[in-house]
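All of the numbers you see were taken from the coordinates with simple rules; none came from a lab. Computed from a prediction, not measured in an experiment: that's the story for all the values here. Here Cβ is always computed from backbone atoms with ideal geometry, including for glycine, and neighbour counts include all displayed protein chains.
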Amino acid sequence: MELCRNSKAVPRIFLAASLWTVVSAGDNRLQPDVTCMLGIGRQQFCMKAFFITALSAVLGFGLPLTRLAAQPAQSLEMGFYGPETIEWKVGPAAIPPGAKMAVLEGDPTKEGPFVVRFQFPEGYHIPPHTHPKTERVTVISGTLFLAMGENLDRSAAKTLTAGTYGFWPAGMKHTAWSGGETVIQLHGIGPWQINYVNPADDPRNAKKSP
C-alpha cells in the first residue's frame, strides 16, 4: 500500500499507531505489527492507522466549530443618542413619582445587558433600598447625594457631581436624593429590581391600598 511505502507518511503513521496501541491495549487481536511502519507489510494495520488519523483530523476541526456554535450570537444593532433625541417617559412604578426614564439599550425588565437614564427633579428622594445585583451609576448632569451602609447617615452622604461614576455591591443599603435637576445613567444586567428596606416606602404597595 502506498501509505506504507511513502517515507514522508511514516512519522504520521507512527503517531497514529501509538494512539491505536493505547486504545487497543489488552486485546492481542488489535496489536499492530511494527513491520508495517517499516514498509514491509500489513496493509490492514495501515488502513486502521489511516482511518484513525482521518478521524482525529475531523474531530480536531469539528470540535472548535461546536464551541463556536455554542456561543451566543452577538447583536449587530447600533444606537446613538444625542441629548435632543432621547425619549423620556414616566418613571417606573417601583420608584417614587416625579422621575422620568429613558431606555437607551436593552430591556431592564428582562435578562441581558441594559442601559437606562433617570431624570430627577430638584429634591427628589428615593428611600433606603437595596438591589439584588451590583448597581453601576454615572451622573450625567446635576448632583446626586448618596448615603450608604447600615446607618444611612445623611450627614455623611457622598456627593456625586456630573461626570462621577460609582458602583456598589448587591444587597448594600443606600438612599439617594438630587441636588437640583439631575440625570443619572444606570447600566447592568437585567432584570433590574429595587427592594425597599421599609416596605411602606415602596410606591407599589401604596397603589395596592384600597
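Nearest 0.05, what FRET efficiency do GLU77 and SER141 give at R0 = 25 Å with Cβ-Cβ as r? Display every interim value, and only then the final one.
Details: r = 27 Å, r/R0 = 1.07.
Result of the calculation: an efficiency of 0.40.
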Neighbour-count ranking [beta-carbon atoms within 10 angstrom, fewest first] of TYR165, TYR124, TYR81: TYR165, TYR81, TYR124
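Please work out how much length the chain gains when fully extended from VAL90 to GLU181, using 0.36 nm per residue of separation minus the C-alpha to C-alpha distance, in nm with one decimal. Spell out each step's value before the answer.
Numbers: separation 91, 0.36 × 91 = 32.76 nm, distance 1.54 nm.
Additional length available on full extension: 31.2 nm.
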Pair LYS173, THR161: separation of 7 Å Cα→Cβ label points (nm): 3.0 nm
Taking all pairs of distinct alpha-carbon atoms in the range 85-208, Kirkwood radius in angstrom: 14.6 Å
